[in-house]
Amino acid sequence: MNTGKTKNLGVMGWPIAHSLSPAMQQAAIEKAGIDYSYIALPVEPEKLTQAVEGLKALNFSGWNVTIPHKRAIMPLLDEIDEDAAVIGAVNTVMNDGGRLKGYNTDVLGFLYPLQEKGIKIEGAHALILGAGGAARAVLWGLLRSKVQSVTLAVRSPEKGKALAAEFSSRTKAELSVCAFGSVQYQEALAKADILVNTTPLGMTPKVESAPPVEWKLVRPEAFVYDIIYTPAETRFLREARERGCAIQNGEAMLAGQGAAALKLWTGIEPEVACMCDAIRNELLK
């Protein structure tokens, strides 16, 4: 029950009704037994500035940020964390007495299941499928964790080259770009220790689509990760599993980024398992 002492949190976006964050975060809050409340905050793009000022006036402890506000909110904040600055987007805001600091916890969310499963990232060869907005956090997470090399496989090499050029000064890792179906792509598939899909191919409702992967080239020892979580097992992951690879969907990334945000706001270590349970329960509704 909300009282005058309850601290408020939320997620802003437009639209926001589809967000899994309220159920996921509230489950972790209740599990931890802390006096916080987390709600959905529908904010139209043209009202973002007023919304930020309003949340400050209402003394919200912090909030998550989703589409379409992740970039637009950055000039309204007092400080930006390194991860958010590198990725170019904020998904978490912390309110410290009216001073707002922006973070991007997608990096921690992406890394969470890799760390939990003991996947060796340092010195590994990684292959990322896609070079859109979702790829930025994945790429930075791998580079930050000292991979030996990252290849970006894309339909349009120019888009991939722009992303690689942007990140090249921040790493000693070998960064390369190739087109799907090219000889370089085949070589990257054969070399990959970690293979990550950041494209929307295979997401509900188009569950039979998948990135173009010749699975006979992929080593069974490779770890295969799809940041999609609907369906729980995409065609991409199913084919990887049939190849003998260990697999991971995007559920733990979603829960992991939420847990990292909740820890920033409250100082507690949330139970990620209960957050994953909440995600599954919401998706069944």
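The values are calculated or read from the model by the stated rules, or taken from the named source; none is laboratory data. This is a predicted model, so every value here is computed, not measured. Counting neighbours? That spans all protein chains shown, and the Cβs are built from the backbone with ideal geometry, glycine included.
Report whether or not I67 is more than 17 Å from the chain's Cα centre (by Cα) and of a type outside the set (S, T, Y). In short, no. Taking segment 259-275 as the range and being in contact (Cβ under 8 Å) with a residue 60 or more places away in the chain and either more than 11 Å from A23 (Cα to Cα) or out of contact with any Gly (no Cβ under 9 Å at 6 or more places or on another chain) (or both) as the test, the residues that pass are A259, A260, A261, L262, L264, W265, T266, I268, P270, E271, V272, C274. Restricting segment 246-258 to residues that are surrounded by 15 or more Cβ atoms within 10 Å (Cβ to Cβ) and touching a residue at least 40 places away in the same chain (Cβ under 8 Å) leaves a set whose member that is nearest to A192 (Cα to Cα) is Q248. When segment 48-80 is filtered for residues that are charged (D, E, K, R) and free of Cβ contacts under 8 Å to residues at least 12 places away in the same chain, only E53 remains. Going through T198, T266 one at a time, which residue ends up being closer than 25 Å to K161 by Cβ, touching a strand residue (DSSP E or B) at 6+ places or on another chain (Cβ under 9 Å), surrounded by 15 or more Cβ atoms within 10 Å (Cβ to Cβ) and of a type in the set (S, T, N, Q)? It is T198. The set of residues in segment 88-146 being in a strand (DSSP E or B) and crowded, with 20+ Cβ neighbours inside 10 Å consists of T92, V93, N95, L100, G102, Y103, A126, L127, I128, L129. Residue selection: S37 satisfies the criterion of being crowded, with 16+ Cβ neighbours inside 10 Å, of a type in the set (S, T, N, Q) and over 18 Å from K285 (Cβ atoms). Tell me whether segment 245-257 contains one or more residues that are under 26 Å from I279 (Cβ atoms), modelled with pLDDT under 95 and among the β-branched types (V, I, T). No; the residues of segment 245-257 include none that is under 26 Å from I279 (Cβ atoms), modelled with pLDDT under 95 and among the β-branched types (V, I, T). Quickly run through segment 187-212 and pick out the residues that are over 22 Å from the mean Cα position of the chain (by Cα) and without any contact (Cβ under 8 Å) to a residue 60 or more places away in the chain. Matches in segment 187-212: E187, A190, E208, P212.
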